[in-house]
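J.: Sending over a structure as structure tokens; questions will come in a sec.
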Amino acid sequence: MEIDLSLLREIYEDWSLKKQEYNTMYKYYKGETDAISNYKMVTKRSNNKINTNFLKKFINEEVAYSLANKITYISRLGDEKIINDLEYYTCHWSKKHDSDLLRYTLLFGFCYELYYVKNNEMKVRIIKPTDGCHYENEDGEIIYFFREFKKDFKDDIYIDIYDKEYIYHFDSNFKEIEKPTVNNIFDGNVPISICKRSEELGKNTIFNDIKGLQDAYETNLSDISNEISDFRNAYLTFSGCNIREEDLPRMKELGILQVNGEGKIEWLIKDMNDTFVQNTLSSIKENMYEITSHINHNEKMQSNTSSLAVIARLISTEWICSQNNDSIADTLSNRHKLLCIWLNKKYGFRYDYKDIKAKFTPKIPRDDLVVANIVSQLGDKLSTETGLSQLSFIDNPHAEMEKAKKEQEIVSEGEILLDESESDN
């Protein structure tokens, strides 16, 4: 199959320019900020450089809120076999896979999942935007996926390009190094999923929101740390008197200085306005929390704060978790689609991926006891299904009612059989 090499080169060159920004994002996540790298050193003075990685803190916090509780799956049609097979044929994947995927998505604004088959198992690999890119048509359909990599102990760059049927193998100059590999495992689908935070991709990120504030905080904190360190170098000044150098050791030993009546001895120290410094750091820190809609849990709350007040503080956090879960859910939909295609080809299982529903349980406190009390007090004024839908741990109220109905029928049948047995005796 012939492909347009000029188009592939244009895609690759465009991504190479954007990759610099993605590399910067990744450096910040690892603590390699501009504030630390470009900190101005002062000769013969303290030059402490303090790193405070709020970017990593906020990202890890969102991942913890969203995915600390594992994703569970249910069948919309009540087919337990599809759920069992889903878990069985992906059990060899890393248990941290979804968390890592969301973490990189929050950092870069989007991230990729690459699917392949090895040793008769469907596998998955996370590809960061620093290592790959995609090209889609005007309908949003992925046409090509590029993966850049290096082989072990070699500096040469290689590029694998995936389309619907083949994997093309090139070097960095787009010289073909191997014949294309047939890759029609997924019935005309490029074996890739995109987990994206929004359509703005790399522009809608925590990094873009707080980069300047992060640098300012680290610079100011490093400056004040060095000021405090240099503060130790106070000078002892002598006015209106002469001290012989040979007398200094004796004075130091005795702890006594003797001068004439007009002499004056005092310490020359720097006057530091700690209130100004603290206010500056606090303002920058508060701005970072406000812009990212995060909560500083180190702030003390009143001891009599109600549960509703605590939940109210977490409204923005709950919304963020909902957005993150939607991003993962979109990825899961395509993941399950390709998995069902492979299971059908490999084992003849005819599953519909749309039957699989992911259930997310954010690590956010919910006062279900209060809700249950309200539902109980409303009594006949509220339907059972509506009441169940208000509880955080009930995902499908209608299915839950059907289960309860069947259990009651079984219990009733058992009681009837028991009564008949007793009457016979």
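The values are calculated or read from the model by the stated rules, or taken from the named source; none is laboratory data. In this text the structure is predicted, and so the values were computed from the model without any measurement. Counting neighbours? That spans all protein chains shown, and the Cβs are built from the backbone with ideal geometry, glycine included.
J.: Within region 54-79, which residues are of a type outside the set (A, V, I, L, M, F, W, C), touching a residue at least 60 places away in the same chain (Cβ under 8 Å) and either closer than 29 Å to T205 by Cα or surrounded by fewer than 14 Cβ atoms within 10 Å (Cβ to Cβ) (or both)?
T.: E61, E62, Y65, S66, N69, T72, Y73, R76, G78
J.: Which of the helices (runs of 4 or more DSSP H) contained wholly in region 1-107 include at least 1 residues that are in the same structural domain as S172 (by TED's automatic domain parsing), over 30 Å from L343 (Cα atoms) and over 27 Å from the mean Cα position of the chain (by Cα)?
T.: 5-29
J.: If I go through region 375-401 residue by residue, how many of them are farther than 17 Å from F360 by Cβ, of a type in the set (D, E) and either modelled with pLDDT under 80 or surrounded by 14 or more Cβ atoms within 10 Å (Cβ to Cβ) (or both)?
T.: So the answer is 2.
J.: I would also like to ask the following. Any residue at all in region 181-190 that is exposed (fewer than 11 other Cβ atoms within 10 Å of the Cβ), outside any helix (DSSP H, G or I), hydrophobic (A, V, I, L, M, F, W, C) and in contact with a strand residue (DSSP E or B) (Cβ under 9 Å, 6 or more places away or on another chain)? Walk me through how you get there before you give the answer.
T.: Pass one, region 181-190, residues exposed (fewer than 11 other Cβ atoms within 10 Å of the Cβ): 182, 188.
Still in the running and outside any helix (DSSP H, G or I): 182, 188.
From what is left, the residues that are hydrophobic (A, V, I, L, M, F, W, C) are 182.
The next check asks that each one be in contact with a strand residue (DSSP E or B) (Cβ under 9 Å, 6 or more places away or on another chain); those that pass are 182.
Yes, region 181-190 has at least one match.
J.: Which is polar (S, T, N, Q), within 30 Å of I315 (Cα to Cα) and at pLDDT 75 or above, of T280, T219?
T.: Within the list T280, T219, the selection yields T280.
J.: Same structure again: Surrounded by 12 or more Cβ atoms within 10 Å (Cβ to Cβ), within 31 Å of the chain's Cα centre (by Cα) and free of Cβ contacts under 8 Å to residues at least 12 places away in the same chain: is that true of G202 in this structure?
T.: It is false that G202 is surrounded by 12 or more Cβ atoms within 10 Å (Cβ to Cβ), within 31 Å of the chain's Cα centre (by Cα) and free of Cβ contacts under 8 Å to residues at least 12 places away in the same chain.
J.: Still on this structure: Against the condition small (G, A, S), over 18 Å from D14 (Cα atoms) and more than 30 Å from the chain's Cα centre (by Cα), how does G212 come out, does it pass? Working first, answer last.
T.: Values: small (G, A, S): yes; over 18 Å from D14 (Cα atoms): yes; more than 30 Å from the chain's Cα centre (by Cα): no.
Criteria not met by G212.
J.: Now for a separate question. Determine whether region 358-370 contains at least one residue that is in a loop (DSSP other than H, G, I, E, B) and at pLDDT 85 or above.
T.: yes
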